[in-house]
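Everything below concerns the one structure shown next.
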Amino acid sequence: MRGVWAGVGGRGFLGVAAWAGVGAWAVLRDGSFDYRLIALGALLPDAFDAAAGHRAFAHTLVFAVGSLAVVMLATMNRRVLRRHLIALPVGFLGHLVLDAVWASKVLFWWPAFGDWGRTGIVPATPLLVVRELVGIGVGVMIVRRFGLRNAPARGEVFRTGRRTPGGSALD
């Protein structure tokens with residue numbers, strides 16, 4: 001399990017947030033998503049499971065799909081709010097991919113195959129450092145690709161969570 005996607009950025013906090021945003025942009029190409037919430041959603045499973053000290057409920061497909069269902073049901077007839085909040089479950093799903101949770105049948109498909117086990121949230125320090133450095137590298141790529149070197153562009157992202165590569169926000 002440890003070596004499945006060791007170099008991708010999973011289980012490193014900056015790596016997960018950065019890769020989730022980049023991955024969502026690469027797949028969706030949708031400037032209307034709030035990419036701040038995608039990054040937050042990618043970080044929350046580790047925060048939620050920290051109390052258990054290992055990957056648990058927030059690292060299951062039940063949690064990610066359940067959160068999607070909650071957003072869909074809670075935002076019926078509120079399209080603008082739905083378009084905003086849907087980014088959180090997208091981040092949760094991105095976390096499952098980047099954390100290679102799908103490689104653990106008992107964790108990913110919990111409760112179908114029993115207990116979710118005791119896999120730690122934070123990897124060994126050398127691996128964590130490498131993953132965080134990869135995350136910083138992806139962050140630098142995001143700054144360059146989305147033109148975030150200038151203050152107005154950064155302010156736009158901090159205010160709206162939206163920006164197209166080399167362009168402006170799509171509202």
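The values are calculated or read from the model by the stated rules, or taken from the named source; none is laboratory data. In this text the structure is predicted, and so the values were computed from the model without any measurement. Every residue, glycine as well, gets a Cβ built from its backbone with ideal geometry; the counts of neighbours run over all protein chains shown. Heads up: the accessible areas ignore ligands, DNA and RNA and are worked out on the full protein's heavy atoms, side chains in. Shrake-Rupley method; radii C 1.70, N 1.55, O 1.52, S 1.80 Å.
Here is how the numbers come out for the structure above:
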quantity: Scope the stretch 24-51; condition of a type outside the set (Ser, Thr, Tyr), open to solvent by less than 50 Å² (accessible area, probe 1.4 Å) and either touching a strand residue (DSSP E or B) at 6+ places or on another chain (Cβ under 9 Å) or assigned to a loop (DSSP other than H, G, I, E, B) (or both); matching residues; calculated: ASP30, GLY31, PHE33, ASP34
quantity: So VAL97, is it open to solvent by 50 Å² or more (accessible area, probe 1.4 Å) and touching a residue at least 60 places away in the same chain (Cβ under 8 Å); calculated: yes
quantity: Counted residues, the stretch 134-156 - those being open to solvent by less than 50 Å² (accessible area, probe 1.4 Å) and in a helix (DSSP H, G or I); calculated: 9
quantity: Count of the stretch 146-171 residues which are modelled with pLDDT under 70 and among the basic types (Lys, Arg); calculated: 1
quantity: Residue list for the stretch 123-133, filter: at pLDDT below 75 and exposed (fewer than 14 other Cβ atoms within 10 Å of the Cβ); calculated: ALA124, THR125, PRO126
